[in-house]
Amino acid sequence: MAEQASKTFILFRPFLWLWGGLNFVRRLVFGLAALFVVFAMLAGLGKGAKPLESKTALVIAPEGAIVEQYSASPIDRAIGRALGDEVKETQLRDILRALEAAAKDPKIDRVVLLPDKISGAGISTLREIAAAMLRFRESGKEIVAFGDGFSQGQYYLAAHANRIYMHPDAGVMLEGFGGYGPYLKGAFEKLGAEVRLFRVGEFKSAGEFLVRSDMSDEAREAQLYWLGDLWTRFVGEIAAQRNLEAADLIAGVDNAVALVEGVGGDLGQLALDQGLVDELKTRDQLRAELIEKGARDADNETFRQVDLSSYLAHVDLAARPKPGQPQIAIVVAQGEIVDGEQPAGTVGGDSTAKLLRDAREDDNVRAIVLRVDSPGGSAFASEVIRREIELAQQAGKPVVASMGDVAASGGYWISMNADRIIADPSTITGSIGVVGLWLNFPEGLSKLGISTDGAATSWMIGAFDPTRPFDERAGRMIQQIINHIYDEFITKVGEARGKEPSEIDAVARGRVWSGQQALERGLVDATGSLGDAIAAAAELAELAEGAYRVRYVEKELTPLQKILADALKGGAATWIADLGISLPSAWLPSAHERELARVKRLAADVLSQRRPGVIAHCNCTEVAP
């Protein structure tokens, strides 16, 4: 018996050695990772922010999209920054508070704006930054803008600087607002697939591209109406800042071919002739001018400067909130609205409701600002969030909705019960309507020799099976559900706005409005900025100016995560970068993968529940400057 046991042990001995080896490797990897984290934390603690000197220029050079809220967690951002693979995003709030602080900071003598790496920003976002730039200029300090060429959104910001310089070989691209996209009806027909669109509202164009070969007349009419308002304001504000005529700018767009031919294709000279820029300069020429106006840096290489993130580190060190101080809480609702818990950059019915609940249950919070930048999504998730706003109001805490670039359809749903709704004049809002989509493809499967059959106790079992022919009875059910949700939508809007449902229906029907147009139709209370919304919340909560602080309510990190994020946010990022450490690119999500995931979320949210889902979504986010 003992001999047999010994043989058995010998047989399994190689596996035990293998397991021991794997266990050793596991311990080694985790040990090295822990050691790496400790070194990173020590490096971060050892490399604090450098003291600011006089005649320092604040350099604001946003990269990527300007967003209300980062799409990655603080830990992911910190690690990405340390390893050189950070998702390029800049928070709007950071630019605003840096400009506000710099205006009062005696060490900052000017701002240098480099907007030419901004890849995405809505018009309302640009207007917020432009207004902050003008407030900074009121302090008597100047803003110098420079670019290796400007898109129209980038140029809009540059136009609010004291002076605009551009590289001689670059140009300014003003082209107007609009957008074109594919219509897929013919493709689905060739694939043997059938898409059915259920909706209420002849202007509700979300999903229209799946069932048509061209844009409907209603969608074209509505889109041109609000686009025209946005474009007129956009051009008018550029003209006002540059002492030009708006009509001349519009004529320049219309006659672009002749103008470009007139200067022999020299776009830099054309921008100079049109008064769009003040001078054409190379980077070294700009550097020399800024050294002359300010001071040389410690290395005697360029002008004395501090970048946005480093300057904010100084601002944060100086800001020490008083314990127990009254607060106005800001909850951000950015992105598509879907059910359940969702990460930052997406509005989760449960996760966003929890943030509102946290603000409601915090005794220091006296009022809430819901900052909305969303085209909508799940009607159910929107209702979950709206209900949480009602509960905050019942608890005696006023709620102000601040609409950013987009607050349409579901984005309007979550805003409608606020004590006050404030939209930017160029916010894209409205789109009060409901859509439902259904796709089935039995014909396409048949071409592949695939068929579906079975037995069931009722017609309902296979009614929503996309592999079977569509049952018209299911279609009638879906349409009735959508009708009900639309009636509920306009009824609740009417109650919130003090109007009859019929009055709301007249300006709803899925139609999109600009913020200014929405004000004229009673869908919002005022036009203004995020700062105006905060002031309104303070007024409703009877808080005097300076007697409160503003706090963003976001998912909290654990104490260890906070330590790690703070360390990596500081000198550790530089220390790790100096080591030349980077992740394999295959480990990182590509921009295409992130975009595909964004599109899939709405569909997956419905399909995962194995029931018909109804979406309140605005097909209005493709248009951007």
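The values are calculated or read from the model by the stated rules, or taken from the named source; none is laboratory data. All figures in this text were calculated on a predicted structure; none of them were measured in a lab. As a convention, Cβ positions derive from the backbone with ideal geometry for all residues, glycine included, and neighbour counts pool all protein chains shown. Side chains are part of the model used for accessible areas, which takes the heavy atoms of the whole protein and leaves out ligands, DNA and RNA. Shrake-Rupley method; radii C 1.70, N 1.55, O 1.52, S 1.80 Å.
Condition test on I461, is it open to solvent by 80 Å² or more (accessible area, probe 1.4 Å) and under 28 Å from L191 (Cα atoms)? Quick ask: steps written out before the conclusion?
Details: open to solvent by 80 Å² or more (accessible area, probe 1.4 Å): yes; under 28 Å from L191 (Cα atoms): yes.
In short, yes.
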Starting from segment 463-487, keep only residues that are without any contact (Cβ under 8 Å) to a residue 24 or more places away in the chain, then list their pairs with residues that are assigned to a helix (DSSP H, G or I) whose Cβ atoms are within a distance under 6 Å, requiring at least 6 positions of separation or different chains. A463/A474
Restricting to segment 295-321, name every residue that is part of a loop (DSSP other than H, G, I, E, B), open to solvent by 60 Å² or more (accessible area, probe 1.4 Å) and touching a strand residue (DSSP E or B) at 6+ places or on another chain (Cβ under 8 Å). P321
Among (1) open to solvent by 70 Å² or more (accessible area, probe 1.4 Å); (2) in contact with a Lys or Arg (Cβ under 8 Å, 6 or more places away or on another chain); (3) within 30 Å of I238 (Cβ to Cβ), the one test that M173 misses: (2)
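Tally up the residues in segment 94-108 that are part of a helix (DSSP H, G or I) and out of contact with any helix residue (DSSP H, G or I) (no Cβ under 9 Å at 6 or more places or on another chain), please. I'd like the intermediate steps shown before the answer.
So in segment 94-108, the residues part of a helix (DSSP H, G or I) come out as 94-104.
Going one step further and asking which of them are out of contact with any helix residue (DSSP H, G or I) (no Cβ under 9 Å at 6 or more places or on another chain), we end up with 104.
Result for segment 94-108: 1.
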For the list (1) crowded, with 24+ Cβ neighbours inside 10 Å; (2) among the charged types (D, E, K, R); (3) closer than 14 Å to G348 by Cβ, I need the number of the one condition that D373 fails. (3)
Return the total of residues in segment 63-100 being touching an Asp or Glu at 6+ places or on another chain (Cβ under 9 Å), open to solvent by less than 30 Å² (accessible area, probe 1.4 Å), at pLDDT 90 or above and more than 22 Å from V331 (Cβ to Cβ). 1
Conditions (1) surrounded by fewer than 24 Cβ atoms within 10 Å (Cβ to Cβ); (2) under 18 Å from V347 (Cβ atoms); (3) not polar (S, T, N, Q) -> R366 fails only (2)
Report, by residue number, each residue of segment 253-277 that is surrounded by 15 or more Cβ atoms within 10 Å (Cβ to Cβ), part of a helix (DSSP H, G or I) and β-branched (V, I, T). V253
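I'd like to know if segment 335-350 contains one or more residues that are in a helix (DSSP H, G or I) and more than 30 Å from R287 (Cα to Cα).
Kept after step one, since they are in a helix (DSSP H, G or I), are these residues of segment 335-350: 349-350.
Applying the additional criterion that residues be more than 30 Å from R287 (Cα to Cα) yields 349-350.
Yes - at least one qualifying residue is present in segment 335-350.
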Within segment 529-549, tally of residues that are touching a strand residue (DSSP E or B) at 6+ places or on another chain (Cβ under 7 Å) and either in a loop (DSSP other than H, G, I, E, B) or open to solvent by 60 Å² or more (accessible area, probe 1.4 Å) (or both): 6
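Identify, please: which residue in segment 376-401 is farther than 13 Å from W413 by Cβ and among the polar types (S, T, N, Q) and is, among those, least open to solvent (accessible area, probe 1.4 Å)? Give the steps one after another, and end with the answer.
Our first condition is that a residue be farther than 13 Å from W413 by Cβ; within segment 376-401, this holds for 391-400.
Subset that is among the polar types (S, T, N, Q): 393-394.
Values: Q393: 52, Q394: 131 Å².
So, considering only residues that are farther than 13 Å from W413 by Cβ and among the polar types (S, T, N, Q), the one least open to solvent (accessible area, probe 1.4 Å) is Q393.
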For segment 472-479, state whether one or more residues are of a type in the set (S, T, N, Q), open to solvent by 80 Å² or more (accessible area, probe 1.4 Å) and assigned to a helix (DSSP H, G or I). no
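Does segment 404-417 include one or more residues that are touching a residue at least 24 places away in the same chain (Cβ under 8 Å), more than 30 Å from V211 (Cβ to Cβ) and either within 21 Å of the chain's Cα centre (by Cα) or crowded, with 24+ Cβ neighbours inside 10 Å (or both)?
yes
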If a residue has to be surrounded by fewer than 17 Cβ atoms within 10 Å (Cβ to Cβ) and in a loop (DSSP other than H, G, I, E, B) to count, how many in segment 178-211 make the cut? 9
List the residue pairs whose Cβ atoms are under 9 Å apart, where the first residue sits in segment 134-160 and is on the phi > 0 side of the Ramachandran plot, the second is hydrophobic (A, V, I, L, M, F, W, C) and surrounded by fewer than 17 Cβ atoms within 10 Å (Cβ to Cβ), and the two are 6 or more positions apart or on different chains. G149/M173
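State the number of residues belonging to segment 437-462 that are touching a residue at least 24 places away in the same chain (Cβ under 8 Å) and among the aromatic types (F, W, Y). Before you say what the answer is, go through the steps one by one.
First, the residues of segment 437-462 that are touching a residue at least 24 places away in the same chain (Cβ under 8 Å): 437-447.
Subset that is among the aromatic types (F, W, Y): 438, 441.
Within segment 437-462, residues that are touching a residue at least 24 places away in the same chain (Cβ under 8 Å) and among the aromatic types (F, W, Y) number 2.
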Condition check: closer than 20 Å to R371 by Cα, modelled with pLDDT of 95 or more and of a type outside the set (A, V, I, L, M, F, W, C). Does E128 satisfy that? yes
Within segment 144-170, can you find the residues that are more than 27 Å from Y225 (Cα to Cα), of a type in the set (F, W, Y) and buried (at least 23 other Cβ atoms within 10 Å of the Cβ)? F146
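Residue under question is G404, and the condition is that it be more than 30 Å from W513 (Cα to Cα), small (G, A, S), out of contact with any His (no Cβ under 8 Å at 6 or more places or on another chain) and outside any helix (DSSP H, G or I); does it hold? So that I can check it myself, show each step before the final result.
Working: more than 30 Å from W513 (Cα to Cα): no; small (G, A, S): yes; out of contact with any His (no Cβ under 8 Å at 6 or more places or on another chain): yes; outside any helix (DSSP H, G or I): yes.
For G404, the condition - more than 30 Å from W513 (Cα to Cα), small (G, A, S), out of contact with any His (no Cβ under 8 Å at 6 or more places or on another chain) and outside any helix (DSSP H, G or I) - is not met.
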Based on this model, can you work out whether A329 counts as part of a strand (DSSP E or B) and either at pLDDT below 90 or under 22 Å from the mean Cα position of the chain (by Cα) (or both)? yes
Conditions (1) crowded, with 19+ Cβ neighbours inside 10 Å; (2) free of Cβ contacts under 8 Å to residues at least 60 places away in the same chain; (3) closer than 19 Å to R386 by Cα; number of the one not met by K499: (1)
Among (1) at pLDDT 95 or above; (2) among the hydrophobic types (A, V, I, L, M, F, W, C); (3) farther than 30 Å from G436 by Cβ, which single condition is A295 missing? (1)
Every residue in segment 475-508 that is closer than 28 Å to E194 by Cβ and among the β-branched types (V, I, T), please. I478, I481, I482, I485
